[in-house]
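Coordinate-derived values only; no laboratory data. On a predicted model such as this, the values are computed, not experimentally measured, just so you know. Here the Cβ positions follow ideal geometry from the backbone for every residue, glycine too, while neighbour counts run over all protein chains shown.
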Ligand code: GRF
């Protein structure tokens with residue numbers, strides 16, 4: 001048994017992956033404790049799951065922040081004090097190359113405003129590993145650099161509903177289904193500056209029958225996700241021994 005690691009989680013929705021990790025922590029099948037669950041979305045079921053397990057919860061309402069920036073514009077004073085657009089622009093690999101300079105700047109600024117609000121809460125905790133459990137927002141270099149402070153050491157994990165490097169983006173199972181794949185899968189990987197591009201920690205696959213609907217694929221995939229995520233967290237915990 002390794003020493004227990006402290007885990008912080010971010011979610012956006014139902015939190016079935018979060019539940020799988022909570023259960024694995026509670027039944028001691030992994031050497032981890034979850035200290036908090038943050039959400040970009042108020043009122044989601046995942047927050048209730050966390051509260052039920054006595055985990056601290058908080059919300060940074062991304063839609064509200066982005067909407068207000070659209071309506072009122074972004075003033076210099078709205079941005080985090082240490083925000084440097086040129087630096088973030090030069091590192092990030094998230095914004096579509098067809099986006100205009102203004103669109104890219106708006107995207108990176110609004111995300112940094114929201115990320116700063118998360119960081120103000122998160123950095124008060126002593127966390128070994130950050131786990132994105134169905135967190136449907138990208139993280140920019142502004143956030144990532146505040147967490148990955150040791151060169152070459154990744155501390156943020158994500159689960160993706162496809163066998164990366166195939167089908168990055170928001171609809172992995174949908175893309176797997178539309179392409180007509182005979183094998184589907186899920187991937188746990190570390191977060192880097194790109195979208196779903198970081199080093200792969202683990203993957204699981206499942207067979208797709210000709211009669212399977214998209215819903216069947218999602219169901220098969222989620223079952224694999226619930227097995228995979230705790231295993232990858234344990235792999236991380238073992239690496240810290
Ligand atoms: C999962 O399929 C995950 O891979 C994707 O979003 C879904 C979230 O499910 N990123 P849940 O909130 O853990 O139930």
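Counting only Cα, what are the radius of gyration and maximum Cα-Cα distance Dmax of the range 53-174, in Å?
For the range 53-174, the Cα-based Rg and Dmax read 15.4, 45 Å.
Nearest 5 is fine: what % of DSSP beta bridges in the chain come out antiparallel, could you say? Can you show the working numbers first?
Working: 11 of 30 bridges.
Bridges in the chain are about 35 percent antiparallel.
Going highest first, how would you order 65-72, 41-48, 5-12, 189-196 by mean Cβ packing within 10 Å? Walk me through the intermediate numbers first.
Values: 65-72: 13.0, 41-48: 16.0, 5-12: 22.6, 189-196: 18.5.
Packing proxy ranking, top to bottom: 5-12, 189-196, 41-48, 65-72.
Over the range 14-125, what is the mean sequence separation of C-alpha contacts under 8 Å (at least six apart), divided by residue count, expressed as relative contact order in percent?
On the way: 93 pairs, mean separation 26.1, N = 112.
It comes to 23 percent, rounded to a whole number.
Please sort 104-115, 149-160 by packing, taking for each peptide the average over its residues of neighbouring beta carbons within 10 angstrom, highest first. Don't skip to the end; give the middle numbers.
On the way: 104-115: 20.4, 149-160: 15.5.
Per-residue mean Cβ counts within 10 Å order the peptides as 104-115, 149-160.
Does the chain classify as rounded, prolate or oblate by the C-alpha gyration tensor (a ≥ b ≥ c root eigenvalues; a/c under 1.5 gives rounded; else a/b over b/c gives prolate, otherwise oblate)? Could you put the intermediate results ahead of the total?
Numbers: a/c = 1.65, a/b = 1.23, b/c = 1.34.
Oblate is the answer for the chain, as a/c is 1.5 or above yet b/c matches or exceeds a/b.
Taking the radius of gyration and the Kirkwood hydrodynamic radius from Cα positions alone, what is the Rg/Rh ratio for the range 118-178, to two decimal places?
That ratio equals 1.04.
Given 0.36 nm per residue, what is the gain on full extension from residue 82 to residue 215 after removing their alpha carbon distance, in nm?
Numbers: separation 133, 0.36 × 133 = 47.88 nm, distance 4.41 nm.
Fully extending the segment from residue 82 to residue 215 adds 43.5 nm.
Using every alpha carbon pair in the range 145-197, what percent of pairs falls into each 10 Å bin from 0 up to the bin containing the largest distance?
Pairs per bin, as whole percents: 24, 44, 22, 9, 1.
Is the shape of the range 102-241 rounded, prolate or oblate, going by the alpha carbon gyration tensor and its root eigenvalues a ≥ b ≥ c, with a/c under 1.5 for rounded and a/b larger than b/c for prolate? Present the calculation step by step, with values, prior to reporting the outcome.
Working: a/c = 2.46, a/b = 1.49, b/c = 1.65.
Because a/c hits 1.5 or more and a/b fails to exceed b/c, the range 102-241 counts as oblate.
Just from the alpha-carbon atoms, what are the Rg and Dmax of the range 1-115 in angstroms?
Rg then Dmax for the range 1-115, in Å: 17.8, 53.
Take the alpha carbon atoms of the range 46-84, find their center, do the same for the range 17-38, and report the distance between the two centers in whole angstrom.
Here the two parts' Cα centres lie 24 Å apart.
Counting helices only, and only those DSSP H runs with n ≥ 4, report the 222 nm mean residue ellipticity of the chain as the sum of -39,500 (n - 2.57) divided by its residues, in deg cm²/dmol to the nearest 500. Please list the in-between numbers first.
On the way: 8 runs with 100 residues, N = 241.
Calculated from helices alone, the mean residue ellipticity at 222 nm is -13000 deg cm²/dmol.
Using the alpha-carbon centroid of each, what span in Å lies between the range 124-149 and the range 173-241?
Answer, in whole Å: 20.
Tell me whether the range 1-40 comes out rounded, prolate or oblate; compute the Cα gyration tensor, take square roots of the eigenvalues as a ≥ b ≥ c, and use a/c under 1.5 as the rounded threshold. Don't skip to the answer; put the middle values down first.
Details: a/c = 3.83, a/b = 1.72, b/c = 2.23.
Judged from the Cα gyration tensor, the range 1-40 comes out oblate (a/c at least 1.5, b/c at or above a/b).
Quickly rank 130-138, 200-208 as a protection proxy: mean count of other C-beta atoms within 10 Å, highest first. Provide the component values of the computation, followed by the final result.
Details: 130-138: 21.9, 200-208: 16.2.
Sorting 130-138, 200-208 by mean packing, highest first, produces 130-138, 200-208.
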